[in-house]
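For reference, the structure discussed in these notes is given below.
The values are calculated or read from the model by the stated rules, or taken from the named source; none is laboratory data. These numbers come from a predicted model, not from an experiment. Cβ placement follows ideal geometry from the backbone for every residue including glycine, while neighbour counts extend to all protein chains displayed.
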Amino acid sequence: MIESIIKSQTRQKLLIKFFVNIANTGYLNQLADEFSESTNSVRKELNNLTKANFLIKKTVQNKVVYQANKNHPLFYDLQNIVKKYLGIEDLVSTVLERMGSVREIFLLGDFANGIYTDQIDVLITGNNLNLDYISDLEIRLSNLLNKKVVIISSSSSKIKIDKLLVFSN
């Protein structure tokens, strides 16, 4: 979907990185390493997105750090496009369908940090969750999203790992 609109893979990766989670930041060398791209291609796209005001930059300890500009008029539209591209909306609606008393849904690890991978790790918190349905759901979501989906269920969200809240009841 997004590939037909945005031809540059580097730009796609940057949009995913910064718009899946408003807290995500990055600087040139870190982003180039993370994306396995040259610093020149990342610099070019960072400059283009900053010039268009989609990203803001600031200097922190002699490094230029970038993050999404949440004041841009298209911020929420871009964020929704990224979430649809990653399959987050399908994941949430499918989970809520027959899961039980869901309190929160979190993305974990790489996806929470805006790193696009072939595996989605999800934490679902709530009471009386349908565990049989969860194991079936992993398979269905994997087929729907064309990615491996791993679902962890818990009665508490006090797990000490990077996570991004995508649903709260």
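List, please: which pairs have Cβ atoms under 9 Å, are six or more places apart or on different chains, and start with a residue in the range 58-85 that is hydroxyl-bearing (S, T, Y) and end with one that is in a strand (DSSP E or B)?
If the second residue must be in a strand (DSSP E or B), the pairs left are T59/V65; Y66/T25; Y66/G26; Y66/Y27; Y66/L55; Y66/I56; Y66/K57; Y66/K58.
Spot the failing condition for Y116; the list is (1) at pLDDT 80 or above; (2) surrounded by fewer than 19 Cβ atoms within 10 Å (Cβ to Cβ); (3) aromatic (F, W, Y), and only one is missed.
Failing condition for Y116: (1).
Might you let me know whether the range 65-79 holds any residue that is closer than 28 Å to L165 by Cα, in a strand (DSSP E or B) and hydroxyl-bearing (S, T, Y)?
yes
Only residues that are within 19 Å of S101 (Cα to Cα), aromatic (F, W, Y) and within 16 Å of the chain's Cα centre (by Cα): list them for the range 114-169, please.
Scanning the range 114-169 gives a single hit, F167.
Filter the range 23-56 down to the residues that are under 15 Å from D162 (Cβ atoms) and surrounded by fewer than 15 Cβ atoms within 10 Å (Cβ to Cβ) and list them by number.
A23
Given the residues L78, L123, L129, L107, which is the only one that is at pLDDT 80 or above, surrounded by 15 or more Cβ atoms within 10 Å (Cβ to Cβ) and touching a Ser or Thr at 6+ places or on another chain (Cβ under 6 Å)?
Going through L78, L123, L129, L107 in turn, just one is at pLDDT 80 or above, surrounded by 15 or more Cβ atoms within 10 Å (Cβ to Cβ) and touching a Ser or Thr at 6+ places or on another chain (Cβ under 6 Å): L129.
Among (1) of a type outside the set (F, W, Y); (2) closer than 30 Å to D33 by Cβ; (3) free of Cβ contacts under 8 Å to residues at least 24 places away in the same chain, there is one condition L131 misses while meeting the rest; what is its number?
(2)
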